[in-house]
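Only one structure is covered here, and it is reproduced in the block below.
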Amino acid sequence: MKKVFLLFLLFVLKNSFSQNYIEKYIDTINVSSTKLFGKVKSVKDRTYKVSYKEGEIVEGEILQGYPGAYWSKIFLKYGEDILKTNIDYVFDKEGKITEKIIEGFDVIVYTYGGKLSKEARLIVFTNKKIYFETEYNYDKNGNLLSYKKFRDLDLYESAFFTYENNNLTKYTLVDAEGNIEEKHTYTYKNDKIKSKYIYETEMVNKLYEYDDNGNVVYFFEKTKDFGNTEKKYKYDDLGRKIKEKVYRTEYNTNSIYETIYCNDGKISAILYKNKDGGLVGKEVYEYFDDEYLVKTYIDYVDGKELRKVSKYLKGLLTYIEEGNDVFEYKYKFDNKDNWIEVIEFKNKIPLRMRKREITYFN
């Protein structure tokens, strides 16, 4: 299944590219990124088995997930995975995360000195515990200069950042012996990003080129074992992506993705085409009352249409229809308009329940 994101970057202003890039290297979970409303103090997030008993839905034992397989932290806003690792979050009054606890596996504590200065992490396995620590250093302008990562107090990885006029120009990742593991270089024109080159290893190299609005117009990836990938992008006068062409040497294939917009700027459809322009699939978006979205994915296989229909209300997934199966998601909300319970049904039978206990600052 092709994954398509509803939001695209329309432009990149001075410093914003550097900041967005830096945030990939710092765990910046906060109240706004988790799509929570109000002055949230803590969240206890659990998933349970459920069953019917005398016509009522009964909560059962906690479902144990595992790292990497869990409901999105913004709860299926654009994803559709349903396993959930049980997590606790604690925030300060500014909305920054101070603790993250993955039940039975992982504890992370965040320390700030204005910006995040230290991240301490304890991972618990069946017969072993591993302690990780990351230290962050900034310049007088608040730009991240470096970070160091330790495993059981031994340094195993460091990264260094270089700037010109507060624009990130170089990122270098090295191991404990100082050997380069990854290196990124950036060029600018009038303080706007023009290109980014990434050397990950001898196995992978990447090149991005940008237009004057900061949109990616060209991408090239060279790999040793999986061939090369080339992508070209086209945008309309409003900076919205309208076409993407992809060529992969490994499969000797060309693909074309075209995006069509409504008059109000929302995505109307995304078309998937082969190198000859033949339609192989599409996603159609229908909007109702600015809150309700119906997304239909159609795949054309051997002359047949395979459909998948998803419905969203205020960004929350409420319905999936695929083949003979129908999944429904029913929510309860608190007085801050945060959801605190959702039950998943498959063909009217309850499968599981996810609950969030949310506390707030006064």
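The values are calculated or read from the model by the stated rules, or taken from the named source; none is laboratory data. Everything numeric in this text was worked out from a predicted model, so none of it was measured. Ideal geometry is used to build each Cβ from the backbone, glycine not excepted, and the neighbour counts take in all protein chains shown.
Observations on the structure shown:
- Just one of the listed residues (ASN165, ASN127, ASN190) is without any contact (Cβ under 8 Å) to a residue 24 or more places away in the chain, farther than 30 Å from GLU99 by Cα and polar (S, T, N, Q), namely ASN190.
- Looking across GLY95, GLY60, one residue alone is loosely packed, with under 15 Cβ neighbours inside 10 Å, small (Gly, Ala, Ser) and at pLDDT below 95. It is GLY60.
- Single residue of the stretch 319-362 satisfying the filter (under 21 Å from LYS308 (Cβ atoms) and of a type in the set (S, T, N, Q)) that is modelled with the lowest pLDDT: ASN324
- Every residue from the stretch 146-162 that is within 17 Å of TYR197 (Cα to Cα), without any contact (Cβ under 8 Å) to a residue 24 or more places away in the chain and out of contact with any Lys or Arg (no Cβ under 7 Å at 6 or more places or on another chain): PHE160
- Applying the criterion of at least 3 residues that are closer than 30 Å to SER32 by Cβ and touching a Phe, Trp or Tyr at 6+ places or on another chain (Cβ under 6 Å) to the strands (runs of 3 or more DSSP E) found wholly in the stretch 292-362 leaves 316-322, 325-333, 339-346.
- Within the stretch 246-286, restricting attention to residues that are surrounded by fewer than 16 Cβ atoms within 10 Å (Cβ to Cβ) and charged (D, E, K, R), the residue that is modelled with the lowest pLDDT is GLU250.
- Of all residues in the stretch 341-362 being of a type in the set (Val, Ile, Thr) and exposed (fewer than 14 other Cβ atoms within 10 Å of the Cβ), the one that is nearest to the chain's Cα centre (by Cα): THR359
- Filtered by the rule that a residue be touching a helix residue (DSSP H, G or I) at 6+ places or on another chain (Cβ under 9 Å) and of a type in the set (A, V, I, L, M, F, W, C), the stretch 142-164 gives LEU144, PHE161.
- Residues of the stretch 154-169 satisfying the condition of being surrounded by fewer than 14 Cβ atoms within 10 Å (Cβ to Cβ) and modelled with pLDDT under 95: GLU164, ASN165
- Within the stretch 315-340, the set of residues being of a type in the set (D, E, K, R) and either free of Cβ contacts under 8 Å to residues at least 12 places away in the same chain or exposed (fewer than 15 other Cβ atoms within 10 Å of the Cβ) (or both) comprises ASP325, LYS330, LYS332, LYS336, ASP337.
- One residue alone among ASN205, ASN179, ASN127, ASN141 is crowded, with 16+ Cβ neighbours inside 10 Å, at pLDDT below 95 and either on the phi < 0 side of the Ramachandran plot or of a type in the set (Gly, Ala, Ser) (or both), and that residue is ASN205.
- Residues of the stretch 182-202 that turn out to be loosely packed, with under 13 Cβ neighbours inside 10 Å and not acidic (Asp, Glu), as a count: 3
- Top-ranked residue in the stretch 289-298 [being touching a strand residue (DSSP E or B) at 6+ places or on another chain (Cβ under 8 Å) and surrounded by fewer than 16 Cβ atoms within 10 Å (Cβ to Cβ); ranked as nearest to LEU279 (Cα to Cα)]: VAL294
- In the set PHE160, PHE150, PHE220, PHE132, only one residue is in contact with a strand residue (DSSP E or B) (Cβ under 8 Å, 6 or more places away or on another chain) and either aliphatic (A, V, I, L, M) or under 30 Å from TYR247 (Cβ atoms) (or both); that residue is PHE220.
- Some residue of the stretch 164-178 being under 30 Å from ILE358 (Cβ atoms), hydrophobic (A, V, I, L, M, F, W, C) and not in a strand (DSSP E or B): no
- Residue within the stretch 98-117 that is at pLDDT 90 or above and within 18 Å of the chain's Cα centre (by Cα) present: yes
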